[in-house]
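Trainee: Below is a structure I'd like to ask you about.
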Amino acid sequence: MLQSVLLAIFTGGLSGFVSHLITNKKSLDYPKKMKTKWYLGFIADILIGAAAAVFAVTFLLPEADTLRTVIGVSVLAGVSGESVLMRRTLANEQNKLENLKEIDDRINRIQQLSEGKENDTKN
């Protein structure tokens, strides 16, 4: 069991890393300190891939006996972990876009109201 978990960590982390390279067009996003937090870059993809693979091997497929099964499940889980992160990022970006559109609509309404008041005072 320990060998399966260690193999899952390695294989899932490796598939998370490869998925990061594919997503970022063969370039690495290095870790860096932001204003309020750390951005983990490619390390986050490795950790997510490894965690997803361990979860898949231990909970979803605990009877994985063969090396081929452990590697296959780990690779799929590692890539799927990256997919979950991408979906979450996409949802965050869509929320930002909706909020920006709402702010733009409010600004337009305020400008229209102020232009209407200016026209009323001129007449």
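Trainee: Taking the condition of being among the aromatic types (Phe, Trp, Tyr) and within 13 Å of the chain's Cα centre (by Cα), how many residues in the stretch 37-93 meet it?
Mentor: Count: 2.
Trainee: Related question: Would you mind stating whether VAL57 is over 15 Å from HIS20 (Cα atoms), in contact (Cβ under 8 Å) with a residue 24 or more places away in the chain, in contact with a Ser or Thr (Cβ under 9 Å, 6 or more places away or on another chain) and part of a helix (DSSP H, G or I)?
Mentor: Yes.
Trainee: While we're here: Give the stretch 22-76 a look and list any residue that's in contact with a Gly (Cβ under 6 Å, 6 or more places away or on another chain) and not aromatic (Phe, Trp, Tyr), or say none.
Mentor: ASP29, PRO31, ASP45, ILE46, ILE48, GLY49, ALA50, ALA52, ALA53, SER74
Trainee: Moving on to the next point. Can you confirm whether ASP105 is at pLDDT below 90 and assigned to a helix (DSSP H, G or I)?
Mentor: So ASP105 does not fit the description; no.
Trainee: Now for a different question. Taking the stretch 1-25 on its own, how many of its residues are under 17 Å from ALA44 (Cα atoms) and either in contact (Cβ under 8 Å) with a residue 60 or more places away in the chain or surrounded by 13 or more Cβ atoms within 10 Å (Cβ to Cβ) (or both)?
Mentor: Residues meeting the conditions: 16.
The values are calculated or read from the model by the stated rules, or taken from the named source; none is laboratory data. Fair warning: this is a prediction, and the values are worked out from it, not measured in the lab. All Cβ positions, even for glycine, are placed from backbone atoms using ideal geometry, and neighbour counts span all protein chains on display.
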